[in-house]
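Undergrad: Attaching a single structure in structure tokens format; questions to follow.
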Amino acid sequence: MAKIAFIGAGSFGFTRTLVKDILTFPLLEDAELALMDVDAEKLDYIKRAVERIVKEGGYPAKVTATTDRRKALKGADAVIITILAGSVQVWRHDIEIPKKFGVDINVGDTRGPSGIFRALRTIPIMVSICKDMEEVCPKALLLNYTNPMAMLCRAMQRESSIVSSGLCHSVQGTVYMMAHWIGAPMTEVNYTCAGINHLSWFVKFLWNGEDAYPKLREVVKRNKKVYNEEHVRNEMFLALGYYVTESSGHNSEYNWWFRKRPDLIEKHCTHGTGWNPGVYADILNGYLAREKSWRKDIQAWLDNPAPLHLARGHEYAASIINAWQGGEPFEFNGNVPNTQIITNLPPNCCVEVPVFASRRALNAVHVGDLPPQCQPLTAISVASEELAVEAAITGDPELVYQAICYDPLTAAVLSLGEIKQMVKAMLKKHQPHLPQFKSITW
């Protein structure tokens, strides 16, 4: 019987989905599902939800719940992390303070000033989870869903011997979208996607073994509906020749081109029809709106008498854990150390590349060089994030400032002096949540 620990299990939507998928595998249907969260109320809700899934599916699984992290981890075969370090009321300052200085952010969970400050709060917790795992479940696999993905995984993979990978929806979501646009069944599509999280490039996109990019380029140029669905990413594709993962809103934050002036935000980030065109604080506002209704929404799900839909979905985690436990090998795009996988990105930085999961092993696939027009944007984000990871671990505020100096969007909007003032304001506001930073002397 496998033991699968969920750290941050109170993430109600994620945990429900992952449990549902895990239990569809015969090898995992009798697993112990160890739920852990620091919030006892949310933990109770998710325990009831998971028990409902187990009951309706008729599974022989065991459900346990605890606020004691080491207890949940002890003896685990796999660990799934979906935590949020600090509440939404803390996270909001990552977005609202930069806006006062002129840096307009759409999501703010991956990179740039907001992503870096989320990393500064979260990295010490993630590393401490790994250290607990080294003691109580050293052979377990760690799968992370928490953002900022690249920085968190880099810190864990640098500081711990635990086998780990980060998982994101953006690769599979983007390839489904591109295939739909050109009318290709997914069974006839092959691809290679590589880069860093939320900034990975489809270096190969094939339909029945033939390059599908000419067809995609034609559709994007001629079909206004398709073009407007992903305004930012389609502009990047037409300029650079390769399609990038994650939504237009996310990607508008990661470069110099779309958010540095109000007129450009209005043109590129406001009227798109995709799920996230790029309006200011879009995801934050959604979270804030749900703060008053989440209990009611969860209770409505628990009380709904309609049978649950228990078919397996498209998340990678369940298939990876099944392979790790000796089931069928599984290929996915994961976040792993760059051990000469992408040859024109720095050694050991966290890259998002094809990975094969098998019994007690993750094996990344060699990619080679990123295309020369895609490498510079990717590399500058790697450089910024390497500085941020070092800052989070050492508690050096100068490195925080230097990391944000090299963020493309921030650098396009602010001078060095203005960046320093913004970083000081953010460090001051977040000081209670950043104990590793003892003093700021500048």
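The values are calculated or read from the model by the stated rules, or taken from the named source; none is laboratory data. Quick caveat, the model's predicted, so the values are computed rather than measured. Please note: Cβ atoms are built from the backbone with ideal geometry, for glycine as well, and neighbour counts cover all protein chains shown.
Undergrad: When you go through (1) out of contact with any Ser or Thr (no Cβ under 9 Å at 6 or more places or on another chain); (2) on the phi > 0 side of the Ramachandran plot one by one for L387, which number turns out not to apply?
TA: Here L387 clears every test but (2).
Undergrad: In addition: In this structure, is S358 over 15 Å from Q157 (Cα atoms), touching a Lys or Arg at 6+ places or on another chain (Cβ under 8 Å) and of a type in the set (S, T, N, Q)?
TA: So S358 does not fit the description; no.
Undergrad: Strands (runs of 3 or more DSSP E) wholly in region 10-119 with at least 3 residues that are buried (at least 20 other Cβ atoms within 10 Å of the Cβ) and in contact with a strand residue (DSSP E or B) (Cβ under 8 Å, 6 or more places away or on another chain) - which ones?
TA: Hits in region 10-119: 32-36, 78-81.
Undergrad: Another one. Identify all residues within region 224-238 that are touching a residue at least 24 places away in the same chain (Cβ under 8 Å) and surrounded by fewer than 24 Cβ atoms within 10 Å (Cβ to Cβ); write none if there are none.
TA: Answer for region 224-238, where residues must be touching a residue at least 24 places away in the same chain (Cβ under 8 Å) and surrounded by fewer than 24 Cβ atoms within 10 Å (Cβ to Cβ): K225, V226, N228, E229, H231, E235.
Undergrad: Does R154 satisfy the condition of being at pLDDT 95 or above and either surrounded by fewer than 17 Cβ atoms within 10 Å (Cβ to Cβ) or in contact with a His (Cβ under 9 Å, 6 or more places away or on another chain) (or both)?
TA: Judged against the criteria, R154 is not a match.
Undergrad: Kindly list the number of the only condition in (1) surrounded by fewer than 16 Cβ atoms within 10 Å (Cβ to Cβ); (2) modelled with pLDDT of 95 or more that fails for T441.
TA: (2)
Undergrad: Could you grab the pairs with beta carbons closer than 6 Å, sequence gap of 6+ or different chains, first residue in region 384-400 and crowded, with 17+ Cβ neighbours inside 10 Å, second one among the β-branched types (V, I, T)?
TA: Partner pairs satisfying both residue conditions: A388/I116; A391/V400; A392/I123; P397/I440; V400/V423.
Undergrad: Please name all residue pairs, on different chains or six or more residues apart, with Cβ atoms under 6 Å, provided the first residue is in region 267-283 and is touching a residue at least 12 places away in the same chain (Cβ under 8 Å) and the second residue is in a loop (DSSP other than H, G, I, E, B) and among the aliphatic types (A, V, I, L, M).
TA: Correct list of pairs: I283/V107.
Undergrad: Which residues, taken from region 72-116, are charged (D, E, K, R) and either farther than 27 Å from K131 by Cα or without any contact (Cβ under 8 Å) to a residue 12 or more places away in the chain (or both)?
TA: R92, D94, E96, K99, K100, D104 - these are the residues of region 72-116 that are charged (D, E, K, R) and either farther than 27 Å from K131 by Cα or without any contact (Cβ under 8 Å) to a residue 12 or more places away in the chain (or both).
Undergrad: Looking at region 239-256, which of its residues are buried (at least 18 other Cβ atoms within 10 Å of the Cβ) and not small (G, A, S)?
TA: Y242, Y243, V244, T245, E246, H250, N251, E253, Y254, N255
Undergrad: Just to verify a result, which residue in region 1-15, among those that are within 12 Å of A49 (Cβ to Cβ) and of a type in the set (A, V, I, L, M, F, W, C), is nearest to the chain's Cα centre (by Cα)?
TA: Among them, the one singled out is F14.
Undergrad: Considering region 139-186 alone, what residues qualify as being of a type in the set (F, W, Y), under 18 Å from H198 (Cβ atoms) and part of a helix (DSSP H, G or I)?
TA: Passing the criteria: only Y176.
Undergrad: Which residue is nearest to A411 (Cα to Cα), if the candidates are limited to region 225-279 and must be of a type in the set (G, A, S) and part of a loop (DSSP other than H, G, I, E, B)?
TA: Of everything passing the filter in region 225-279, G278 is nearest to A411 (Cα to Cα).
Undergrad: Here's a follow-up. Quickly run through region 120-135 and pick out the residues that are in contact (Cβ under 8 Å) with a residue 40 or more places away in the chain, touching a helix residue (DSSP H, G or I) at 6+ places or on another chain (Cβ under 6 Å), surrounded by fewer than 24 Cβ atoms within 10 Å (Cβ to Cβ) and not β-branched (V, I, T).
TA: R121, D132
Undergrad: So which pairs qualify, if the first residue must be in region 179-197 and at positive phi, the second must be assigned to a helix (DSSP H, G or I), the Cβ gap must be under 8 Å, and the two must be at least 6 apart or on different chains?
TA: As it stands, the answer is G195/T378, since those pairs meet every condition given.
Undergrad: Separate question: Tell me, which helices (runs of 4 or more DSSP H) lie completely within region 281-370 with 1 or more residues that are surrounded by fewer than 19 Cβ atoms within 10 Å (Cβ to Cβ) and of a type outside the set (S, T, N, Q)?
TA: Once the helices (runs of 4 or more DSSP H) in region 281-370 are filtered for at least 1 residues that are surrounded by fewer than 19 Cβ atoms within 10 Å (Cβ to Cβ) and of a type outside the set (S, T, N, Q), what remains is 282-290, 294-303.
Undergrad: Only residues that are in a helix (DSSP H, G or I) and more than 14 Å from G241 (Cα to Cα): list them for region 187-222, please.
TA: Hits for region 187-222 are T187, E188, R222.
Conditions tested, residue by residue: (1) of a type outside the set (S, T, Y); (2) closer than 16 Å to N333 by Cβ.
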position	(1), (2)
N144	yes, yes
M149	yes, yes
A155	yes, no
R158	yes, no
C168	yes, yes
V171	yes, yes
Y176	no, yes
A179	yes, yes
G183	yes, no
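Undergrad: Looking at T24 and the list (1) touching a helix residue (DSSP H, G or I) at 6+ places or on another chain (Cβ under 6 Å); (2) in contact (Cβ under 8 Å) with a residue 40 or more places away in the chain, which single condition is not satisfied?
TA: Exception for T24: condition (1).
Undergrad: Oh, and also: Hey, among L206, L199, which residue is hydrophobic (A, V, I, L, M, F, W, C), at pLDDT 95 or above, surrounded by 12 or more Cβ atoms within 10 Å (Cβ to Cβ) and farther than 24 Å from N147 by Cα?
TA: L206
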